[in-house]
Amino acid sequence: MIASAVVGARSLPGVRIRLNHLLTDLNSGRSCLWLLPRKMLEGPDSPADHLFDELLNELHDFVLLPSDDPDGPPPVRPRAPARVAVPDSGLWSGLAPALDYDDGLADLFSAAPVSGPAEPETVPAPPTEAEALADLLERLAKELGLQSDGAQESDDTAGDVLARLAGGRNGPTETRPVIVRAWREAVPSATGHLLRRLVATGKEAGIPPARGPRALVVASTEDLPPGLPGQLARENIAVHWWWGATGRLDTATVVALARPPLKSVLDRQHLYESIVQATVTEVCGPFLDVAAALAARWQDGRPETLPDALHDVLADSPVPDGGLPETTEGARNPARRPAESLLPAWNAAAVDSWEGRLRHHPGHDLQREHAVASRVWLAQNQVLLPLLDEARERFAATVRSRARIPLQQLAEEYCSRRGTDAVVTESPDSLIETMELGAMWGAHRDGATALTPKERRHLRVLREARNLLAHRTPLDGDRLHRLIMELYR
């Protein structure tokens with residue numbers, strides 16, 4: 001998800017890729033439907049407005065509806081309500097009688113007319129989809145200067161405008177994309193009919209796709225009838241869902257920009273900062289606004305204080321719900337669009353796809369005791385496991401130099417990857433290089449190696465960290481600091 005508070009979100013790689021896919025379809029002559037969560041469309045400075053501006057900057061030449069002209073006509077003119085007739089009951093209507101002689105009462109009636117019963121208020125009937133489509137195309141014709149010359153009158157005003165877009169009446173074919181912000185239309189569902197009829201008109205006129213009229217409708221699923229996106233996709237209209245648009249690189253970029261500058265030049269401080277940023281990235285996933293706020297709020301980076309920092313970040317804004325269904329978070333390979341059961345939660349910005357997995361809003365993690373700890377473990381695992389393996393390889397040289405038994409015997413007894421009946425073809429040195437940290441500690445405990453106190457402490461810290469991570473347990477702040485000190489001692 002994108003939030004307007006995230007600076008430079010439009011330049012993130014995942015966002016740029018999605019916009020480029022949309023531009024590619026438009027530039028190839030296809031009409032498109034761009035579906036965004038309802039939450040992204042809300043507010044005067046909504047995230048969708050920023051994405052929309054970026055798209056328009058890339059298009060250069062286009063026709064925009066509704067127009068941004070403040071003096072322009074309203075999107076749809078509702079039908080004028082009819083006056084409700086008051087039945088004639090034979091009673092006085094409340095109006096002053098028309099007298100044909102002056103007895104001085106006229107001034108009395110004109111000064112203080114007697115009010116009759118109030119007429120019932122009528123609510124303007126909303127326009128039908130056909131009327132809304134006709135009004136939409138009428139405004140489009142005005143934007144394009146396709147004013148009727150009065151030579152031909154047609155009962156199908158919409159069809160006449162569409163035909164002229166396709167080069168009817170010997171006019172030029174309109175190839176500029178028509179961009180329609182459906183969420184700003186009084187009858188958003190009419191924009192779906194526009195897409196269908198525009199594509200059908202181009203096909204009937206025999207115009208190649210790249211040289212015919214095309215449109216882009218930007219909407220949420222709540223603006224359209226259920227099932228319409230799937231129907232449009234089968235009619236050769238490109239449907240783009242804002243689902244899984246951002247990935248780990250996007251979140252990590254937002255987190256890095258939100259963190260305070262690191263003034264230390266020590267490698268251990270840079271490693272600690274890497275773990276902090278990886279943790280925020282993993283905890284927040286695709287919810288970039290939460291990631292930016294948490295990266296700025298979580299100053300000490302200790303795992304114990306993370307839940308409180310996340311709670312503080314979420315305290316100022318309600319956690320979106322959207323009726324989140326009972327579904328397995330982290331499910332592999334969710335489709336290229338949210339499932340029907342997820343649409344309410346997706347529109348509320350409570351769920352998204354991230355790195356090919358289903359992710360809930362971070363606020364839901366606070367309601368599950370193990371969720372935050374699991375994400376902290378995953379982040380530590382990603383950063384620390386390669387460093388632990390490098391440290392293990394370096395310590396193998398210490399094990400060889402401190403051996404109290406022949407290296408061949410040390411390799412055979414403590415390299416657990418080989419069974420007792422296995423034929424050993426590798427040299428003892430090669431086998432010891434593959435010895436696990438637990439086996440190194442076992443050799444020391446059995447007296448097969450003689451380590452100094454400093455070496456014992458180093459091995460113990462490495463082994464403890466590796467065992468905890470292997471059992472899906474995150475390191476607390478103290479263990480994390482001790483490990484980093486040993487890695488860079």
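The values are calculated or read from the model by the stated rules, or taken from the named source; none is laboratory data. Note that the coordinates shown come from a computational prediction; the quantities given were computed from them, not determined experimentally. FYI the Cβ positions are ideal-geometry reconstructions off the backbone, even for glycines, and counts take in every protein chain you see. Calculation scope for accessible area: heavy atoms of the full protein, side chains included, ligands and nucleic acids excluded. Shrake-Rupley method; radii C 1.70, N 1.55, O 1.52, S 1.80 Å.
For residues that are in contact (Cβ under 8 Å) with a residue 40 or more places away in the chain, closer than 21 Å to Thr221 by Cβ and among the small types (Gly, Ala, Ser), scanning just segment 347-382, find the one that is surrounded by the fewest Cβ atoms within 10 Å (Cβ to Cβ). Looking at residues that are in contact (Cβ under 8 Å) with a residue 40 or more places away in the chain, closer than 21 Å to Thr221 by Cβ and among the small types (Gly, Ala, Ser), I get Ala348.
Filtered by the rule that a residue be more than 16 Å from Glu486 (Cα to Cα), without any contact (Cβ under 8 Å) to a residue 40 or more places away in the chain and surrounded by fewer than 16 Cβ atoms within 10 Å (Cβ to Cβ), segment 390-411 gives Ala397, Ser401, Pro406, Leu407, Gln408, Gln409. In summary, Leu387 fulfils each of the numbered conditions (1) part of a helix (DSSP H, G or I); (2) open to solvent by 60 Å² or more (accessible area, probe 1.4 Å); (3) of a type outside the set (Ser, Thr, Tyr) with the single exception of condition (2). Taken as a whole, segment 69-88 holds no residue that is charged (D, E, K, R), open to solvent by 50 Å² or more (accessible area, probe 1.4 Å) and at pLDDT 90 or above. Checked against the criterion of being closer than 21 Å to Asp223 by Cα, at pLDDT 85 or above and among the small types (Gly, Ala, Ser), the candidates Ala125, Ala134, Ala141 yield just one match: Ala134. Taking segment 225-263 as the range and being of a type in the set (A, V, I, L, M, F, W, C), closer than 23 Å to Leu55 by Cβ and touching an Asp or Glu at 6+ places or on another chain (Cβ under 6 Å) as the test, only Ala238 passes.
Is it fair to say Gln269 is surrounded by fewer than 16 Cβ atoms within 10 Å (Cβ to Cβ) and assigned to a helix (DSSP H, G or I)? Here the answer is yes, as Gln269 does meet what is asked. Among all positions in segment 144-165, there is no residue which is closer than 29 Å to Leu51 by Cα, in a loop (DSSP other than H, G, I, E, B), at pLDDT 80 or above and aliphatic (A, V, I, L, M). Considering segment 1-46, and only residues there that are modelled with pLDDT of 90 or more and of a type in the set (Lys, Arg), the residue that is most open to solvent (accessible area, probe 1.4 Å) turns out to be Lys39.
Test Leu224 against the criterion of being modelled with pLDDT of 90 or more, hydrophobic (A, V, I, L, M, F, W, C) and touching a Gly at 6+ places or on another chain (Cβ under 6 Å), and give yes or no. Yes, satisfied. Scanning segment 204-235 for residues that are in a loop (DSSP other than H, G, I, E, B) and open to solvent by less than 20 Å² (accessible area, probe 1.4 Å) yields a count of 4. Scanning segment 256-285 for residues that are farther than 24 Å from Thr473 by Cα and of a type outside the set (Asp, Glu) yields a total of 11. Taken together, Asp25, Asp45, Asp49 contain a single residue that is part of a helix (DSSP H, G or I), within 19 Å of Trp183 (Cα to Cα) and among the acidic types (Asp, Glu), which is Asp49.
Any chance segment 463-483 includes a residue that's closer than 27 Å to Pro406 by Cβ, surrounded by fewer than 15 Cβ atoms within 10 Å (Cβ to Cβ) and polar (S, T, N, Q)? The answer is no; no qualifying residue exists. Could you list all residues from segment 288-303 that are touching a helix residue (DSSP H, G or I) at 6+ places or on another chain (Cβ under 6 Å) and either closer than 13 Å to Pro362 by Cα or in a helix (DSSP H, G or I) (or both)? Selection gives Leu288, Val290, Ala291, Ala292, Ala293, Leu294, Ala295, Ala296, Arg297, Pro303. State which residue is modelled with the lowest pLDDT when the search covers only segment 320-346 and only residues that are open to solvent by 30 Å² or more (accessible area, probe 1.4 Å) and not in a loop (DSSP other than H, G, I, E, B). So the residue we want is Arg332. Would you check which residues across segment 185-203 are of a type in the set (D, E, K, R) and exposed (fewer than 15 other Cβ atoms within 10 Å of the Cβ) and list them? Lys203 - this is the single residue of segment 185-203 that is of a type in the set (D, E, K, R) and exposed (fewer than 15 other Cβ atoms within 10 Å of the Cβ). Do we find a residue being open to solvent by 50 Å² or more (accessible area, probe 1.4 Å), of a type in the set (S, T, N, Q), modelled with pLDDT under 95 and over 15 Å from the mean Cα position of the chain (by Cα) anywhere in segment 292-310? Yes, segment 292-310 contains a residue that is open to solvent by 50 Å² or more (accessible area, probe 1.4 Å), of a type in the set (S, T, N, Q), modelled with pLDDT under 95 and over 15 Å from the mean Cα position of the chain (by Cα).
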